[in-house]
Amino acid sequence: MTTYGRKHDRAVESREALLDLLNLLLECERAGARGVGELSRSANPEHRPLLSAVARDEARYCAMLTGHIRRLGGRATRRTGAFYGKLMGTDGFAARIGLLDRGQGWVVRKLEDSLPRIDDAALRADLREMIEVHQRNIASCNAIAPDAGGKKGGD
């Protein structure tokens with residue numbers, strides 16, 4: 001097997017596999033951006049700045065992933081991942097924050113698993129940053145989850 005650029009026993013086998021991975025991540029980030037944006041509007045005022053910042057991070061990674069997909073000659077998906085529906089279908093603000101954290105944790109694990117098989121230096125650097133920001137956002141959201149009661153009717 002070869003990675004996109006070198007040999008490795010757990011390789012991203014082809015450019016197509018790499019593009020599939022990036023599009024999957026794009027769907028996830030789009031779902032997060034949309035869901036967290038809506039979540040921030042139903043949050044208590046003291047939690048809105050944090051949630052708005054998380055939504056901006058998600059949107060920024062949508063743009064980053066789209067740029068890499070195009071640079072690599074692929075077509076960026078326009079789909080929003082199923083996570084959005086799950087997040088909006090979850091009752092209660094704290095439960096939504098918990099689901100958001102689990103979703104961001106899934107992205108971190110997916111990236112950590114895939115990163116060693118990606119040889120593209122620019123993409124690797126951006127994905128490493130994405131891991132760090134997601135980890136920071138998980139910690140920040142965990143800190144507000146116990147007292148993050150949203151507006152009645154907004155959940």
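Observations, loosely collected:
- Solvent-accessible area, 1.4 Å probe, carbon plus sulfur percent, for the chain: 51
- Amide H contacts under 5 Å for Ala76, placed H, 5+ residues apart: none
- Tensor-based shape of region 73-117 (alpha-carbon gyration tensor, a/c under 1.5 rounded, otherwise prolate or oblate): oblate
- Contact order, relative form, for region 14-155: 32 percent (alpha carbon pairs under 8 Å, 6 or more residues apart, mean separation divided by residue count).
- When semi-axes √(5λ) of the Cα gyration tensor in Å is calculated for this entry, the matching label among (i) 25, 17, 14; (ii) 29, 22, 14; (iii) 31, 14, 12 is (iii).
- Calculated from backbone phi, Karplus (6.51, -1.76, 1.60) coupling profile of region 60-71 in Hz, x at Gly/Pro: 4, 6, 4, 5, 4, 5, 4, x, 5, 4, 5, 4
- ³J(HN,Hα), Karplus 6.51/-1.76/1.60, whole Hz, each residue of region 23-31, x for Gly, Pro: 5, 4, 4, 4, 4, 5, 5, 5, 4
- Accessible surface computed residue by residue for region 55-100, with neighbouring protein chains in place and a 1.4 Å probe, gives 52 Å² per residue.
- Selected from Glu29, Glu132, Glu58 as most flexible by GNM, with the chain as the system and alpha-carbon contacts under 10 Å: Glu132
The values are calculated or read from the model by the stated rules, or taken from the named source; none is laboratory data. Predicted model, so just to flag it, every value in this text is computed and none were measured. Note: accessible area is taken over every heavy atom of the protein model, side chains too, but ligands, DNA and RNA are not part of it. Shrake-Rupley method; radii C 1.70, N 1.55, O 1.52, S 1.80 Å.
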